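Student: Just dropping this structure here.
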Amino acid sequence: MRTHHPVPAPLLRQARLKLLENGDIPAGSIDERLARSWRRSLSAGLSPTGRLPGIDNLTGAELQRSLARNHDLLRHSRPVMEYLFEQVRHSHSMVILANNRGVLMHTLGDTDFLGKAERVALMSGASWNEQLRGTNAIGTALAEASDVEIHGAEHYLERNGFLTCAAAPIFAANGQLMGILDISGDHRARHPHTLGLVNTAARMIENRIVTASNHRHIRLHLHPQPDGIGTIAEGIVVLSDDGWIIGANRQGLALLGLRSADIGATLLSHILDIRLEQLLAKSVRHPQEALTMHLQNGMPLYARVHAEHSVPASSRRLDTKPPLPDALTRLDTGDLRWRSAAEKARRILGKPIPLLLCGESGVGKELFARAVHDVSPRKSGPFVAINCAALPENLIEAELFGYTSGAFTGARKEGNIGRLREAEGGTLFLDEIGDMPAAMQSRLLRVLQERQVTPLGGGAPVNVDFSLICATHQNLREAMEQGYFRNDLYYRINGLTLHLPALRERSDFAELVSKLLNEPGETRNLHLAPELMLKLQAHHWPGNLRQLASLLRTMVAMLDPGETRIDWPHLPDDLLEELQRSVKAAASPRPAASLAALSHSAIEQALEDARGNVSAAARQLGISRQTLYRKLKQASATAH
């Protein structure tokens, strides 16, 4: 909302004269929003001093039908309008509600102002659409979809110059404009705070509408400060039961950095550092607390959850069905650092910017690169992956650049086009680029600069067109300083550098384990015992995802037929000994307390994995529901 400063009368007269004489208003002569409205009014065929076109108020039956169609708007607006009117009583003013076509639905007004008001049709059933009545607060707020104040001679029609009006739009949870709230009064009694007052009242109505119309879904009440939750300034966000944002008030959108167009197309976990299941589990454990979470930029937000009427997925509306996940989204299991890297990679898709992936061995650099290729405009082309560290130095040149017939002893008589040309129209992935021999670095640089490949043994250069992704576990800057890697090649491949986190640094270990255990084709509901999950989560994992995936495959192979719970006996002996040593090293002098804490942590993890479902959590822990309730009660009593 911006402060309105009425345009001085001489400027208004000059602008009106220019508009009537030349059909336009000189830029900068009056407020641009007012100028736009005057131009629209002139284009609608209205004359500032002429007679109004024939405007018929809605008949009684038409008005009743319109009131019925706007039932929700009226139901939530009337109590706020009565409160608002108490604030402006005896100020020669009226409080007015219009629908999204500018037709007045409900009015409250001072009796000493009603006489004039009736003469200009400020009554239910009358239309104040800008196309019919020129520049006015209701019609212009509708046209601009924003709050507006129109004072005195700023009205396009001179007959309305005795009015001062302030109006604000009312938006539904889906971002659609539902109506306009307005205060109109005698221009001599204008108050500078009227626009702020009507804007606040419109927000109150919006909050009532968002809260009431989405009672069967999950709601988040947000604010940058815990004490702001429950106030007029709170953001309200409505979620489907699988975490998609399907509604919000304007403050909720502003806090999350979203637009109304993002409603129905944005996952909560893409905006905040928490998934819906985690949020619900925390709200069950701490129902009276404001929960802390963070935006992607690190800014903290506080939230309270209302989820008592959440509906099952089977009854979700079809129009809130999320789009199918793509290759990058399918790899996303919730870690914010990984997700940030994926979002940055998306921004360069289809652009001639090479991508450099950095990270320890085994973090999934090739998986990430392949996913980037699969969501890029080149996805129909080949994905050619070359491990520069795995090729013998005497063969890497022929492998990359190809060769003609008889180029060297042992060469195939038909020659070879080389891996670079195989990537034509697709993506070339050079893994462990830091291990490429110096001579090959020079040749690769020439290819990237000239976009041509000359095969060994001679022949004409061949044009190549591919997207380039490189990866390394080394620090290439240090390699440059030590003379092992060419500076000019580094700056050629380093269009965008992304660091993929090591497994021990990720916050989504449990989700990764679940994803790896229950890949497509796996019909069993495989899961780790809670205590084992905690110990594996704390492990160093020098081999990262590659090591974890290998371990899980081995443990699954150790299961007996019908078993679904993976526990200590299924571990390989070397890792079992290592984990047992760490358990003994971390043993507490008060083992009973340690066991209780470990038990409580396992229960919290199980509840989080089961999205707060106590029965499912009990099954996962291998105990009865009654036992789980008893342990929760004991933990609560201990905490207090």
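Bear in mind these aren't lab numbers, they're just calculated from the coordinates by the rules spelled out. Quick caveat: nothing in here was measured; it's all calculated off a predicted structure. Glycine gets a Cβ as well: all are built from the backbone with ideal geometry, and neighbour counts include every protein chain shown.
Student: What FRET efficiency, computed as 1/(1 + (r/R0)^6) with R0 = 56 Å and r the Cβ-Cβ distance, is obtained for ALA390 and ASP242, rounded to the nearest 0.05?
Tutor: For R0 = 56 Å, the calculated efficiency reads 0.85.
Student: Based on Cβ point charges of +1 for Lys and Arg and -1 for Asp and Glu, what charge dipole magnitude is obtained for region 336-499 about its Cα centre, in debye rounded to the nearest 20?
Tutor: Dipole size: approximately 600 debye.
Student: About the Cα centre of region 214-312, what is the dipole size in debye to 20, counting +1 per Lys and Arg Cβ and -1 per Asp and Glu Cβ, all else neutral?
Tutor: So the dipole magnitude of region 214-312 works out to roughly 100 debye.
Student: Something else about it: What nm distance separates the two modelled labels at LEU559 and ASN297, each placed 7 Å from Cα along Cα→Cβ?
Tutor: 4.5
Student: Based on other C-beta atoms within 10 Å, arrange MET299, MET123 from fewest to most.
Tutor: MET299, MET123
Student: Right, something else. I want to check the label-to-label distance for ALA27 and ALA212. Put each point 7 Å from Cα in the C-beta direction and report it in nm to one decimal.
Tutor: Modelled inter-label distance: 4.6 nm.
Student: Please report the orientation-averaged projected area of region 11-209, defined via the convex hull of its C-alpha atoms, in nm².
Tutor: Averaged projected hull area, Cα only: 10.8 nm².
Student: Which FRET efficiency value, to the nearest 0.05, is calculated for ASP465 and THR329 with the Förster distance at 35 angstrom and r the Cβ-Cβ distance?
Tutor: The calculated FRET efficiency here is 0.80.
Student: Still on this structure: Count the DSSP beta bridges whose two residues both fall in region 336-499, then state the antiparallel fraction as a percent rounded to the nearest 5.
Tutor: 15
Student: Compute the FRET efficiency between ARG89 and GLU289 as 1/(1 + (r/R0)^6), taking r as their Cβ-Cβ distance and R0 = 35 Å, and round to the nearest 0.05.
Tutor: With a Förster radius of 35 Å, E is 0.30.
Student: Right, something else. Expected output is a single nm value to one decimal: the length gained when fully extending between ASN57 and LYS344, i.e. 0.36 nm times separation in residues minus the C-alpha distance. What is it?
Tutor: 97.8 nm
Student: A further question follows. For ASN100 paired with ARG159, estimate the spin-label separation in nm (one decimal), with each label point 7 Å from Cα along the Cα-to-Cβ line.
Tutor: 3.0
Student: Also, quick follow-up: First check a/c for region 353-399, with a ≥ b ≥ c the square roots of the eigenvalues of its C-alpha gyration tensor; if it is under 1.5, answer rounded, and if not, answer prolate when a/b is larger than b/c or oblate otherwise.
Tutor: Oblate is the answer for region 353-399, as a/c is 1.5 or above yet b/c matches or exceeds a/b.
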